[in-house]
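A short write-up of the structure that comes next.
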Protein chains: 2
Amino acid sequence: MNPKTGNPTLTGESGSLRGRRITREKALTAAARILLEEGYARLTMERVAAESRIAKTTLYRRWPTKAALCMELYLEATRDLRDPRTGNVKSDLRAIADTVVRLQTRTVAGPALLGLIAEAQITPESKGPLLAEFSQQRRRLTRLVLQRAIDRGELQPGTDVDLVIDAIGGAITFRLLQGHAPINKRFTNQLIDLVLSGCLSNRALPRKNGK
Amino acid sequence: MNPKTGNPTLTGESGSLRGRRITREKALTAAARILLEEGYARLTMERVAAESRIAKTTLYRRWPTKAALCMELYLEATRDLRDPRTGNVKSDLRAIADTVVRLQTRTVAGPALLGLIAEAQITPESKGPLLAEFSQQRRRLTRLVLQRAIDRGELQPGTDVDLVIDAIGGAITFRLLQGHAPINKRFTNQLIDLVLSGCLSNRALPRKNGK
DNA sequence: ACACTACGCTACGTAGCGTATCGAAAATTA
DNA sequence: TAATTTTCGATACGCTACGTAGCGTAGTGT
């Protein structure tokens, strides 16, 4: 987003001072366009190089694999996914789910994520490094929200947070992957209701902050 | 591509009467061995041809894509997945889940399915024909079990069957894809308990959260 | 025996990968 | 401005796998 200031990012910014610089955006926008308009199959390093007018060698110096390029696209697109802090767990989850659905269905984050998942299954060495940290990254926000709900008594103390994340996140990803049913707010709301009804506390609403 | 009777080549059965026959198992066992021992990335048509001593051209005549070959491996491996008919919905679901988990983690069905899902994301034209019928095939048994439970009053009448399938099947597939947490009976049991608690009929016995 | 058909083999053209080399361009320093 | 340092662009190469074509051969039914 800010190529000229030397603001260091994970993989995109060159670390040294001298020499020519490519604009990182040139590569990412070309990749995003191909990914959105033509799909993951057409996204090749050669193609990105040709369309962005960046040499293939240069591309490989920064992004050693196509997956690394997609990862950066994904992280870039999902940067505005934050803790909603609405005050109760159901609203929090709904807000997160709505944002996720919007990102997945209307931005480059969707095909990027699907491509990353697919690549991880196919390319053996990427399954470990890629998904290990990646899935943790994805789960962190939901885990935070759920743990907070447990702490303030909204959810039963023994709630298995990872199980809840898998049930909700898994169902959404399932529909994304298979495309057998629509993904909309009605779906996510019902899904969250269904899963939460198994672990909501029986007690009254928390009185700590007096809502 | 089958001259005699509309018999689809997807089944691997030779449709005609005359000429030499390859043993279909020669190709499938070679493919299964590669898939299990070396993963989906190493599974190439050239490799299967070389190891099974079947000509590459012959391979392509029967299985036009690698995905078709994997599909046949998957269907072959999951042939013994049947309706458990235990008498109640929770036992039914547990039995199905246990079988699915066993097939996915201990047979060629696991890598075959992951490969198929991955391929569908990457190869654009396979996403439609492949997953459309494929996901329906996968859901049919669970849908049968759940609908039966609704009919006999175990589940609430308004239960969204597809939603329940997505929550359970999605979570299991999620763990398979990302490999971030173990998949065992304890996981599937808790998962089924969690999801079912949101749609069990009131006539069912009240349940404590401990086990 | 014959006709028919499927198979094996070889070869070919294409796509994309990932790397090596080298000259040129940009940014920093003097 | 000039020199230095570093990166970028262009080209070429070898490699793997794809998918197809042609042709001879081996198995199958009548």
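Each copy carries a label point for A:ARG140 at 7 Å from Cα toward Cβ; from one copy, the others' points are 4.4 nm away, ordered from shortest.
What's the magnitude of the charge dipole for chain B around its Cα centre, counting Lys and Arg as +1 and Asp and Glu as -1 at the beta-carbon? Answer in Debye, nearest 20. For chain B, the charge dipole is close to 540 debye.
Give me the net charge for the shell around B:ARG85: Cβ to Cβ below 14 angstrom, other residues only, Lys and Arg +1, Asp and Glu -1.
Numbers: positive: B:ARG82, B:LYS90, B:ARG94, B:ARG148, B:ARG152; negative: B:ASP83, B:ASP92, B:ASP151, B:GLU154.
Charge balance in the 14 Å sphere: +1.
The alpha-carbon positions of segment B:74-196 define a convex hull whose volume is 104 Å³ per residue. Between segment A:53-130 and segment A:148-178, the alpha-carbon centres lie 20 Å apart.
Exceeding 31 Å between C-alpha atoms, which entries from my cross-link table qualify? They are A:LYS26/A:LYS90; A:LYS26/B:LYS56; A:LYS66/B:LYS66; A:LYS56/B:LYS66; A:LYS90/B:LYS185.
Numbers: A:LYS26/A:LYS90 40 Å; A:LYS26/B:LYS56 41 Å; A:LYS66/B:LYS66 22 Å; A:LYS56/B:LYS66 29 Å; A:LYS90/B:LYS185 28 Å.
Listed pairs above 31 Å: A:LYS26/A:LYS90; A:LYS26/B:LYS56.
Kirkwood analysis of the Cα pair distances in the protein assembly as shown returns a hydrodynamic radius of 23.7 Å.
Placing a label point 7 Å from Cα along the Cα-to-Cβ axis, B:LYS185 is separated from the same position in the other copies by 4.4 nm, shortest listed first.
If the segment from A:ARG21 to A:GLU38 were pulled out straight at 0.36 nm per residue, it would be longer than the present Cα-Cα gap by 3.3 nm.
The numbers here are math on the coordinates, done by the rules we state, and not lab data. In this text the structure is predicted, and so the values were computed from the model without any measurement. As a convention, Cβ positions derive from the backbone with ideal geometry for all residues, glycine included, and neighbour counts pool all protein chains shown.
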